[in-house]
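**Student:** I have a structure here, written as structure tokens, and I will follow up with some questions on it.
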Amino acid sequence: MPVVFATPNAIREATRALRRGDIVAFPTETVYGLGANALDARAVAKVFAAKERPRFNPLIVHVLGIAEAESYATPDATARGLAEAFWPGPLSLVLNKRPGCEIADLVTAGLDTIALRAPAHPVARALLAEAQLPIAAPSANRSGRVSPTTAAHVATELDDVPAIILDRGPSPLGLESTVVSLATKAPTLLRLGALPREAIETVLSQKLAQAKPDAPVASPGQLAAHYAPDTKLRLGATSVSPNEALLAFGPRVPKEAIATINLSPSGDLNEAAARLFGALRELDQSGAATIAVMPIPNHGLGEAINDRLQRASCSTPAVGVSAHSE
Ligand code: TXA
Ligand code: MG
């Protein structure tokens with residue numbers, strides 16, 4: 001895949017590619033996405049093929065804002081309130097599909113709900129504004145791999161896929177969007193992500209319900225084996241042995257590891273979130289038998305970081321789970 005810096009010209013070229021039914025990788029504030037025209041099932045199929053993702057795993061549709069979202073879904077007052085508070089930004093809302101919704105069924109995996117997000121990243125917004133299309137975009141990684149936070153990650157991950165990769169440096173947040181369903185009886189957290197749960201609960205003035213793992217609305221991204229480097233992870237490590245790599249956090253770091261990456265020497269959870277996936281990829285290449293991971297505080301973005309680390313540490317998924325991972 002050719003990497004091009006996201007100049008206005010490159011964005012225009014990417015827009016033309018989307019319009020003729022090709023796929024384009026582009027930066028968002030969360031992670032890099034692999035996008036297709038959400039109205040064109042054949043274009044969307046190229047995304048699934050590139051990711052080698054099971055068809056039944058639904059994609060997030062990217063739009064400029066609530067007005068565009070209303071073409072495809074029927075947001076209620078709660079949805080409007082959350083969109084007003086957090087869009088554009090790292091929140092995906094699962095809403096009931098509008099009757100006659102023109103989004104390809106392949107995008108929503110045949111569900112009568114649809115996940116919508118208005119991204120904040122200037123390149124994603126320029127692409128949406130120029131194309132005047134809803135863009136279905138999962139993270140631009142192969143199924144079951146960590147999400148890419150740089151154009152170089154995308155190029156390595158999807159090296160044999162013919163698509164432009166728009167480059168605008170590292171994704172500033174580095175974690176996928178938080179997914180909340182409003183198509184359920186109570187607002188329900190389907191996936192922890194870059195928008196902390198507490199921020200959403202403050203706007204809602206209520207706690208988010210937690211999706212049961214076996215509920216039909218459960219986000220496939222919630223399944224245990226979702227994020228998996230090849231090297232085994234050892235979580236909660238307070239010491240390290242010489243054949244291990246170390247994913248560190250905070251100022252006090254054991255010295256013995258083969259390779260060490262500190263997510264945030266100052267203990268800043270936002271910085272840690274932004275560096276997490278890149279660091280996992282790098283340590284995965286270190287040749288270590290295991291990646292030891294120091295404890296990360298479980299508040300704010302720490303909750304989402306620990307969720308991803310937990311999933312990344314599941315080396316033997318239960319039967320059937322790997323087929324759902326993305
Ligand atoms: O930050 C992000 O959300 C990135 C960037 C590119 O926007 N996208 C991303 O997409 O992470 P993806 O496809 O890797 O994850 C989408 C998540 C999955 O967990 C999927 O199951 C869930 O959203 N999802 C999509 N549509 C849904 C629906 N109708 N009901 C329930 N979950 C849905
Ligand atoms: Mg993904």
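**Student:** Within segment 149-159, is even one residue near ligand 1 (Cβ under 10 Å from one of its atoms) and surrounded by fewer than 21 Cβ atoms within 10 Å (Cβ to Cβ)?
**Tutor:** Within segment 149-159, not a single residue is near ligand 1 (Cβ under 10 Å from one of its atoms) and surrounded by fewer than 21 Cβ atoms within 10 Å (Cβ to Cβ).
**Student:** Select from segment 17-29 the residues that are within 15 Å of ligand 1 (Cβ to nearest atom) and either of a type in the set (S, T, N, Q) or without any contact (Cβ under 8 Å) to a residue 12 or more places away in the chain (or both) and list them in ascending order.
**Tutor:** Once the filter is applied, which keeps residues that are within 15 Å of ligand 1 (Cβ to nearest atom) and either of a type in the set (S, T, N, Q) or without any contact (Cβ under 8 Å) to a residue 12 or more places away in the chain (or both), segment 17-29 yields only THR28.
**Student:** Do any residues in segment 74-86 that are more than 23 Å from GLY100 (Cβ to Cβ) and of a type in the set (Asp, Glu) have Cβ atoms under 9 Å from those of residues that are at pLDDT below 95 and assigned to a helix (DSSP H, G or I), where the two are at least six apart or on different chains, and which pairs are they?
**Tutor:** none
**Student:** Under the condition of being among the polar types (S, T, N, Q) and under 24 Å from LEU269 (Cβ atoms), which residue from segment 168-187 is nearest to ligand 2 (Cβ to nearest atom)?
**Tutor:** If we take residues in segment 168-187 being among the polar types (S, T, N, Q) and under 24 Å from LEU269 (Cβ atoms), then SER177 is nearest to ligand 2 (Cβ to nearest atom).
**Student:** Taking the residues in segment 48-70 that are more than 10 Å from ligand 1 (Cβ to nearest atom) and in contact (Cβ under 8 Å) with a residue 60 or more places away in the chain as candidates, determine which candidate is farthest from the chain's Cα centre (by Cα).
**Tutor:** Ranking the qualifying residues of segment 48-70, first place goes to GLU68.
**Student:** Of the residues VAL94, VAL123, only one is within 16 Å of ligand 2 (Cβ to nearest atom), under 18 Å from the mean Cα position of the chain (by Cα) and either in a loop (DSSP other than H, G, I, E, B) or assigned by TED's automatic domain parsing to the domain that holds SER177 (or both); which?
**Tutor:** VAL94
**Student:** Still on this structure: Among ALA73, ALA14, ALA118, ALA43, which is the only one that is within 23 Å of ALA274 (Cβ to Cβ), buried (at least 22 other Cβ atoms within 10 Å of the Cβ) and not aromatic (Phe, Trp, Tyr)?
**Tutor:** After applying the criteria, what remains is ALA118.
**Student:** Mind checking whether some residue in segment 96-108 is touching an Asp or Glu at 6+ places or on another chain (Cβ under 8 Å), touching a residue at least 60 places away in the same chain (Cβ under 8 Å) and near ligand 1 (Cβ under 10 Å from one of its atoms)?
**Tutor:** Looking for residues that are touching an Asp or Glu at 6+ places or on another chain (Cβ under 8 Å), touching a residue at least 60 places away in the same chain (Cβ under 8 Å) and near ligand 1 (Cβ under 10 Å from one of its atoms), one finds at least one in segment 96-108, hence yes.
**Student:** Is it true that some residue in segment 139-146 is within 13 Å of ligand 1 (Cβ to nearest atom), over 18 Å from ASP284 (Cα atoms) and assigned by TED's automatic domain parsing to the domain that holds ILE103?
**Tutor:** yes
**Student:** When segment 30-47 is examined, which residues are found to be modelled with pLDDT of 95 or more and either within 11 Å of ligand 1 (Cβ to nearest atom) or charged (D, E, K, R) (or both)?
**Tutor:** THR30, VAL31, TYR32, GLY33, LEU34, GLY35
**Student:** Which residues, taken from segment 150-202, are among the polar types (S, T, N, Q) and part of a helix (DSSP H, G or I)?
**Tutor:** THR156, THR202
The values are calculated or read from the model by the stated rules, or taken from the named source; none is laboratory data. None of the values given here were measured: they were computed from a predicted structure. FYI the Cβ positions are ideal-geometry reconstructions off the backbone, even for glycines, and counts take in every protein chain you see.
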